[in-house]
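The values are calculated or read from the model by the stated rules, or taken from the named source; none is laboratory data. Please read all numbers here as calculations on a predicted model, not as lab measurements. Backbone-built Cβ (ideal geometry, glycine too); neighbour counts: all protein chains shown.
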Amino acid sequence: FKDRRKVTVFGSARTPVESPLYALAREVGAMLAKSDLMVITGGGGGIMAAAHEGAGLEHSLGFNITLPFEQHANPTIDGTGNLLSFHFFFTRKLFFVKEADALVLCPG
């Protein structure tokens, strides 16, 4: 994915599927994918899952954090090469910004 342009989408992992914000994040993911941009998220649920649903696997990249009882990857990227796991928050946050050409900030 080195030569692909990417946009990081930040938002809550706890936004419910029926929320208008979930629908908006899914639409944003689809619009970014239509423009051939990769969508980076933390790989979890809520806003992150919605953005990846909209973008589809081909345009999704997840930066997961390894925690004892938290943060399972969303179904779009779980078990694929599009999911990278980090052990340290700092390194993960650095990659969100370092890899992105732009940022989208959602509530949460």
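Worth a mention:
- Among the residues making up the stretch 33-53, a single one is in a helix (DSSP H, G or I) and touching a Leu at 6+ places or on another chain (Cβ under 7 Å): ILE47.
- Scanning the stretch 21-50 for residues that are of a type in the set (S, T, N, Q) and surrounded by 19 or more Cβ atoms within 10 Å (Cβ to Cβ) yields one hit, THR41.
- Of all residues making up the stretch 36-65, the number that are more than 13 Å from VAL7 (Cβ to Cβ) and among the charged types (D, E, K, R): 2
- Residues that are loosely packed, with under 12 Cβ neighbours inside 10 Å and small (Gly, Ala, Ser), drawn from the stretch 51-108: GLY79, GLY81, ALA102
- The residue pairs whose first member lies in the stretch 66-95 and is closer than 21 Å to PHE1 by Cα, whose second member is among the acidic types (Asp, Glu), and whose beta carbons are closer than 9 Å, counting only pairs six or more residues apart or on different chains, are ASN74/GLU53; PRO75/GLU53; THR76/GLU53; ASN82/GLU58.
- Flag if PHE1 is surrounded by fewer than 17 Cβ atoms within 10 Å (Cβ to Cβ), farther than 15 Å from PHE95 by Cα and of a type in the set (A, V, I, L, M, F, W, C): no
- Among the residues of the stretch 66-108, those that are assigned to a strand (DSSP E or B), touching a strand residue (DSSP E or B) at 6+ places or on another chain (Cβ under 8 Å) and farther than 22 Å from VAL17 by Cβ comprise LEU84, SER85, PHE86, ALA102, LEU103.
- For GLU18, the stated conditions do not hold, so it cannot be described as surrounded by fewer than 23 Cβ atoms within 10 Å (Cβ to Cβ), outside any loop (DSSP other than H, G, I, E, B), at pLDDT 95 or above and among the acidic types (Asp, Glu).
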